[in-house]
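Chemist: I have a structure here, written as structure tokens, and I will follow up with some questions on it.
The values are calculated or read from the model by the stated rules, or taken from the named source; none is laboratory data. From a predicted model like this one, the values you see are computed outputs, not experimental measurements. Please note: Cβ atoms are built from the backbone with ideal geometry, for glycine as well, and neighbour counts cover all protein chains shown.
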Amino acid sequence: MKDSTRAKVAAAVGAAYKKKSVSSVYDYSTGSHKSISAKVENGTLSGFDYGSSSHFSGGSNDKLDFYDYETSSHVQLKLEGSKFSGYDYHSSNHFSGNINGSFVSIYDYETGQHYNFSV
């Protein structure tokens, strides 16, 4: 999965779990802030990645699936409590993770590594 897609997943999970807008994401793997905003209202996810100047949006009442306009592909995302899982159609790989407060950890099955974010 692309770094930017992982950051969008972290922002989406953070916004849904915390029930408030996310305005930036800190990526511990790169040691940098990502200018990504995300919010979930009435079960609908909307976000914008200022780094790639691209939108991502979607969602329903029980899922956070979104379309990533940067990669022109869908991302399946389901949050259950503090755990989440999904599938990135751009890389054709699964991912999973959890959120604890503002800390989001994503395991990317494509790379076999954990990636940590703060939202």
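Chemist: In the range 25-38, which residues are free of Cβ contacts under 8 Å to residues at least 60 places away in the same chain and out of contact with any Gly (no Cβ under 7 Å at 6 or more places or on another chain)?
Modeler: Hits for the range 25-38 are 30, 31, 32, 33.
Chemist: Assigned to a strand (DSSP E or B) and either under 23 Å from residue 111 (Cβ atoms) or of a type outside the set (Val, Ile, Thr) (or both): does that describe residue 39?
Modeler: So residue 39 passes the test.
Chemist: Since residue 33 meets every condition but one in (1) modelled with pLDDT of 95 or more; (2) outside any strand (DSSP E or B); (3) out of contact with any helix residue (DSSP H, G or I) (no Cβ under 7 Å at 6 or more places or on another chain); (4) not aromatic (Phe, Trp, Tyr), which condition does it not meet?
Modeler: (2)
Chemist: Within the range 43-66, which residues are surrounded by 16 or more Cβ atoms within 10 Å (Cβ to Cβ), assigned to a strand (DSSP E or B) and touching a Gly at 6+ places or on another chain (Cβ under 6 Å)?
Modeler: Passing the criteria: 45, 56, 66.
Chemist: Give me the pairs: first residue in the range 7-24 and on the phi > 0 side of the Ramachandran plot, second residue assigned to a helix (DSSP H, G or I), beta-carbon distance under 9 Å, and six or more apart or on different chains, which are they?
Modeler: So the pair list comes out empty.
Chemist: Which numbered condition trips up residue 40, out of (1) touching a strand residue (DSSP E or B) at 6+ places or on another chain (Cβ under 6 Å); (2) over 15 Å from residue 3 (Cβ atoms); (3) crowded, with 17+ Cβ neighbours inside 10 Å?
Modeler: Status for residue 40: all satisfied but (1).
Chemist: Of all residues in the range 70-119 being surrounded by fewer than 17 Cβ atoms within 10 Å (Cβ to Cβ) and of a type in the set (Asp, Glu), which is modelled with the highest pLDDT?
Modeler: For the range 70-119, the residue satisfying everything is 110.
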